[in-house]
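Engineer: Right, I'll just put the structure down here and ask away after.
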Amino acid sequence: MTTKPLRGLPLIVAVGLIVLLAAACAPPRPATAPPTSVALTTAIMSVASPAVSGLPVYVGVQEGLFRARGVDLTIQPMAGNIGQTALLKGEIQFLSSPTDAITGAANG
């Protein structure tokens, strides 16, 4: 049994490479349109101590991810029990530690 050579294969490969090259040279499209002007909502988040688990929040503040979504977030270090009191008084909007939040809710 003899096989016929694939005469069209070089043409198919050449066309594929041209398509890939054209796609690679195209200018990137932005994922979302940049906001024109965003009214910022101020928020304060308490942290008992810097920890690796809070790294996404620190990076988000540093890189302006919260501001891009309209939130001016300030990270405020404070002890857990002080954070609970500040949250109940409306002085802060978020606690970083779920343990502090659960303890505060349990204590009323």
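Engineer: Just subtract the alpha-carbon distance of Leu65 and Asn107 from 0.36 nm times their residue separation and send over the number in nm, one decimal. Write out the running numbers ahead of the final one.
Structural biologist: Values: separation 42, 0.36 × 42 = 15.12 nm, distance 3.41 nm.
Length gained, Leu65 through Asn107: 11.7 nm.
Engineer: Please give the peptides 48-60, 67-79 ranked by average Cβ packing (other Cβ atoms within 10 Å per residue), highest first, as a rough proxy for protection.
Structural biologist: 67-79, 48-60
Engineer: Compute the length gained on full extension between Ile12 and Ala79: take 0.36 nm times their separation in residues and subtract their Cα-Cα distance, giving the result in nm to one decimal.
Structural biologist: Contour length minus Cα-Cα distance gives 17.5 nm.
Taken together, the values in this text are just the output of simple stated rules run on the coordinates, not laboratory data. Just so we're clear, the structure is a prediction, and the values are computed from it rather than from any experiment. Glycine also receives a Cβ, built like all others from the backbone with ideal geometry; neighbour counts cover every protein chain displayed.
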